[in-house]
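To start, the structure itself, in structure tokens.
The values are calculated or read from the model by the stated rules, or taken from the named source; none is laboratory data. What you see is a predicted model, and the numbers here were worked out from it, not measured in a lab. Using ideal geometry, Cβ is built from the backbone for each residue, glycine included, and neighbour counts are taken over all protein chains shown.
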Amino acid sequence: MGALKDSDYTQHIARLKRWITAYPDSTAARLSLAYLYLNYASVARGSGFADTVSDSQWSVFYSRDAQAKAILLEASSLKEKDPFWYQAMQLVAHDEGWNKRDARELFNQAVAFEPGYYHYYREYARYLLPQWYGKPGDIQAFAQETAKRVPEPDGSMLYFQIISSLACYCRQAMEDLPRVSYPILRQGYANLTRFYGSSNLTANRFAFMASTFKDKPSAHDAFAVIVTMDSDIWYTKDIFDNSRDWANAP
């Protein structure tokens, strides 16, 4: 399916607003609308580097983001609570560039509400990426802290989810990945697949990281699960094919 047009977003927004009118106490309706505005904001910004985004694009981006935030704040006063509220607010925190103290406080509140909701950990790890608001080593420290604090098997699974945010064929990952604990990472992936099964995305992530650590048997097993290459991780088919050929070689 192709990218949504402005008219598509307008129709979806109108539909969700009718849902809210019909069910004014529905948290799900407001969260759906807030998330739609967050996506719509990303469309306005585009995927380029910050210095390629025009002033008019930034204006629309922040306007739509503000609408999402206002809807989330409305939803926070409703009786029905949903763990996705915190994840959506983490997206707002990222877009607005919250300082580290406030972003961490939001994460702490989220984990207190639903400790096992792994999306909180991945969103906070994304916030800590050096190209955003963190510095080299922040993600590794966060993952290590989490693995020590959360009992097994959840600790290693969350470690995997956090560190896998570094799974990309890019300079920062090449510098940071060698400094993580690969045994915990591998155990986290093993626990994740044991309890929840494997997915194309997690297999891509682990295949990349196993290849980085030259763990051929584990990389071989992960590549066997992959249905389609994730271009956000591998960037080019040549990189993917060369890594898979290495993992499958005798």
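Does Thr202 satisfy being of a type in the set (S, T, N, Q), within 21 Å of the chain's Cα centre (by Cα) and more than 21 Å from Arg122 (Cα to Cα)? Talk me through it step by step, then tell me what you get.
Details: of a type in the set (S, T, N, Q): yes; within 21 Å of the chain's Cα centre (by Cα): yes; more than 21 Å from Arg122 (Cα to Cα): no.
Criteria not met by Thr202.
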Determine whether segment 152-172 contains at least one residue that is at positive phi and free of Cβ contacts under 8 Å to residues at least 60 places away in the same chain.
no
Test for Leu185: is it without any contact (Cβ under 8 Å) to a residue 60 or more places away in the chain, crowded, with 19+ Cβ neighbours inside 10 Å and touching a Leu at 6+ places or on another chain (Cβ under 7 Å):
no
By residue number, the members of segment 220-247 that are surrounded by fewer than 19 Cβ atoms within 10 Å (Cβ to Cβ) and among the basic types (Lys, Arg) are Lys237
Kindly establish whether Tyr169 is under 19 Å from Asp232 (Cβ atoms) and surrounded by 22 or more Cβ atoms within 10 Å (Cβ to Cβ).
no
Scanning segment 71-90 for residues that are under 18 Å from Tyr40 (Cα atoms) and either of a type in the set (S, T, N, Q) or touching a strand residue (DSSP E or B) at 6+ places or on another chain (Cβ under 6 Å) (or both), the one surrounded by the fewest Cβ atoms within 10 Å (Cβ to Cβ) turns out to be Gln87
Cβ-Cβ under 7 Å, sequence separation 6+ or interchain: first residue in segment 216-231 and over 11 Å from Asn204 (Cβ atoms), partner among the small types (Gly, Ala, Ser). Which pairs?
Lys216/Ala247; Ser218/Ala210; Ala219/Ala207; Ala219/Ala210; Ala219/Ser211; Ala219/Ala247; His220/Ala247
Filter segment 17-57 for residues that are of a type in the set (Lys, Arg) and within 19 Å of Trp85 (Cβ to Cβ) and give the result.
Lys17, Arg30
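Conditions (1) in contact with an Asp or Glu (Cβ under 9 Å, 6 or more places away or on another chain); (2) within 22 Å of Tyr182 (Cα to Cα); (3) surrounded by 14 or more Cβ atoms within 10 Å (Cβ to Cβ), marked per residue:
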position: Arg104; (1), (2), (3): no, no, yes
position: Ala110; (1), (2), (3): yes, no, yes
position: His119; (1), (2), (3): no, yes, yes
position: Arg122; (1), (2), (3): no, yes, yes
position: Arg126; (1), (2), (3): no, yes, yes
position: Pro130; (1), (2), (3): yes, yes, yes
position: Tyr133; (1), (2), (3): no, no, yes
position: Ile139; (1), (2), (3): yes, yes, yes
position: Ala143; (1), (2), (3): no, yes, yes
Every residue in segment 204-215 that is more than 16 Å from Asp241 (Cβ to Cβ) and either of a type in the set (Lys, Arg) or touching a residue at least 40 places away in the same chain (Cβ under 8 Å) (or both), please.
Arg205, Phe206, Met209, Lys214
Any hit, segment 16-36, residues being modelled with pLDDT under 95, surrounded by 14 or more Cβ atoms within 10 Å (Cβ to Cβ), within 25 Å of the chain's Cα centre (by Cα) and not hydrophobic (A, V, I, L, M, F, W, C)
no
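Out of curiosity, is Ala93 closer than 20 Å to Tyr117 by Cβ and either surrounded by 15 or more Cβ atoms within 10 Å (Cβ to Cβ) or modelled with pLDDT of 95 or more (or both)?
So Ala93 passes the test.
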Please work out which one of (1) surrounded by 20 or more Cβ atoms within 10 Å (Cβ to Cβ); (2) over 19 Å from Glu123 (Cα atoms); (3) not acidic (Asp, Glu) is the condition Pro217 fails and give its number.
(1)
